[in-house]
Structure formats: C-alpha cells, structure tokens
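First up is the structure itself, then whatever we jot down about it.
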Amino acid sequence: MTAFDRFRSAADAVRPQAAVVFGSGLAAAASPAFTPAATISYADIPGMAPPGVAGHRGELAVGHWAGVPVAVGFGRVHFYEGHPWERVTRLVRVVAELGVSRVILTNAAGGIRNDLNPGGLMAIRGHLKLLDAGSLAALAAGSRLTNPYSLLAPELPSGVYAALTGPCYETPAEIRALRVMGADAVGMSTALEAEAAAELGLEVAGVSCITNKAAGLGSGPLSHREVEETARTAVARLGQVIGQLLRI
Ligand code: HPA
C-alpha cells in the first residue's frame, strides 16, 4: 500500500465536501479552525510535485474545518516553476476524486484598483488568463466554460484577477495596461486551477489576499518577503471568510 493509498482510505472516512487551497504565506489561515485527520506530502501524490517557493509547505490534508469535512492543500505549484499545466491543476483533480463538490482557491495578489490595499481581501469574480499555458490547457480540456467562479464570498469587495505567467513582478507600464484591460488585482496562479475545477463540475470560489500595491502604485520595489509578511496580517480574516464559504 502506498502513502497515497493510505491517504485515500483516510479521506474515504472523512468524506470531504469541499477543498481549500492556500497560496503564498496564507496557510496559517487554517488554524485554529482546521483539525487534520491525515496528511500527505505533495511529493507522495502521483502526478504532483513539491512546491519550490518559500511560503508553500506542499502538503494535502483531510480533516474538519469547524466541523465541516474538508481537504486542505497547503501550497501549490506554479506554471513559472516550469511545471506543465497538468501538474498545476493536479491538486484540484485529486480533491475532485476525493469527492469534494466545492473548491476555495486562495492566492496572494497585487492590488491594482484603488480601494484594494495591502492586508485586504478580494473575492475573485472573473479572471484574465494571461498565462502562456492558458490556451493549451483549455484546448486539452475541450473547455467551453466561460466564467469558472460560481461562488462569491459575501461581504468582500469583488474584482477581476489577472493571472500572469511570472515569475517576475510586473512593470509599472504593464500594470497601467492591465488596469485598462479591466484587472483589479494581479498574481501568478489560480486561473488554471479554477478552470480545471469548474470543468470537473465543482463550485469555485477564489479569494485574493492583497499583499501589496501593484508595481508603480505603491512606494518602493516589490519583494516576495513583503508579500509573505503582509499575507500574515490577513490570515485571521481569511480563515473567517473560508468558514463562511464552507457554510453557504
Ligand atoms: N504581482 C504578481 N503576483 C503577486 C503580486 C504582484 O504584485 N503580489 C503577490 N503576488
């Protein structure tokens, strides 16, 4: 029996209804509400890879979030780490196989719209998929879906998330262009996972934690450390929002 087989048996006992995926620096939002019953390293899940970015732990757990049976992915792999879209979307496909009907995708993002400030949260109501992998993934999935986000966190401002390939932050000129295109926040993940999940028939919610003003809109250069530090200040509120989304 492999570690993955054992994990799947544990998941069968828990029967997770929903999955949560945590992006950069956001995993702490799971405590104290989440109690794990079983955990597996991404490295032990066939078709997955351990995340190579600081702030991403690389574990999938099943357990209970304030009494609701859930699967929680701590960290994700990104397209910019050199992974093909199949691996980027693997986590979502694994939790779908575990039986969840809803997935909540979180990420760290730069705020473009004036009211989206560091430490705040944004419900993703649509995305601009500006990833090089995007059209390939849609083509392979035979996708005819339009907007994957079927579930919006109540009480949060909503906005459009622009998913860029990365790994570099944008230039101020790119941010001005993104604003004209209708983007409210910018990041390097989530869009492919959201589309894969919707394609599998899951309800999808996306929540961005605004960790910085996008390039050229704040003071000074952007850094991954700043992103992680600001993420830490928003985790308690993010945990509450996830709790609400699990109960809708
Ligand atoms: N740009 C892209 N990705 C990000 C940012 C940003 O400003 N902040 C956090 N992730």
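Since every read-out is calculated from the coordinates, none of them should be taken as a lab result. All values reported here derive from a predicted model rather than from experimental measurement. Methodologically, a virtual Cβ is constructed for each residue, glycine included, from the backbone with ideal geometry; neighbour enumeration extends over all protein chains shown.
General remarks:
- 3J(HN,Hα) along region 27-41, derived from phi through the Karplus expression 6.51 cos²θ - 1.76 cosθ + 1.60 where θ = phi - 60°, amounts to 4, 5, 4, 6, 9, x, 5, 9, 10, x, 9, 8, 9, 9, 6 Hz, with x in place of Gly and Pro.
- Using a Förster distance of 25 Å, the FRET efficiency for ARG232-SER41 (Cβ separation, nearest 0.05): 0.60
- Backbone N under 19 Å from the VAL180 label point (7 Å along Cα→Cβ), restricted to region 108-128: 112-114, 128
- P(r) of the chain over all Cα-Cα pairs, binned every 10 Å from zero, in whole percent: 8, 35, 39, 16, 2, 0
- For HIS127, the residues whose amide H sits under 5 Å from its own are TYR161, ignoring neighbours fewer than 5 places away on the same chain, with H placed 1.01 Å from N.
- Charged side chains reduced to their Cβ positions (Lys and Arg at +1, Asp and Glu at -1) give the chain a dipole of some 280 debye around its Cα centre.
- Listed residues ALA43, PRO84, ALA28: farthest to the positive end of the dipole of the chain (Cβ charges): ALA28
- Burial order of peptide ranges 204-212, 232-240, 94-102 (average beta-carbon count within 10 Å, highest first): 204-212, 94-102, 232-240
- Adding -39500 (n - 2.57) for every DSSP H run of four residues or longer, then dividing by how many residues the chain holds, sets the calculated 222 nm ellipticity at -9000 deg cm²/dmol.
- For region 3-247, share of DSSP beta bridges that run antiparallel, in % to the nearest 5: 40 percent
- Normalising the Debye intensity of region 146-248 to I(0), with uniform scatterers on Cα atoms only, and taking log10 at q = 0.21 Å⁻¹ returns -1.28.
- Shape category assigned to region 1-75 from the gyration tensor of Cα positions, a/c cut at 1.5: oblate
- Dipole of region 3-247 [Lys/Arg +1, Asp/Glu -1 at C-beta], most positive-end residue of ALA234, GLY206, LEU156: LEU156
- Summarising the amide proton neighbourhood of SER158: residues at separation of 5 or more, or on other chains, whose placed amide H is nearer than 5 Å comprise ALA123.
- Two-decimal log10 I(q)/I(0) for region 62-181, as the Debye equation yields it once each C-alpha is a single scatterer, q = 0.22 Å⁻¹: -1.63
- Percentage relative contact order, the chain, counting C-alpha pairs under 8 Å, at least six apart: 25 percent
- Scattering from region 175-214 was approximated by placing one identical point on each alpha carbon and applying the Debye formula without solvent; log10 I(q)/I(0) at 0.20, 0.25 1/Å stands at -0.73, -0.91.
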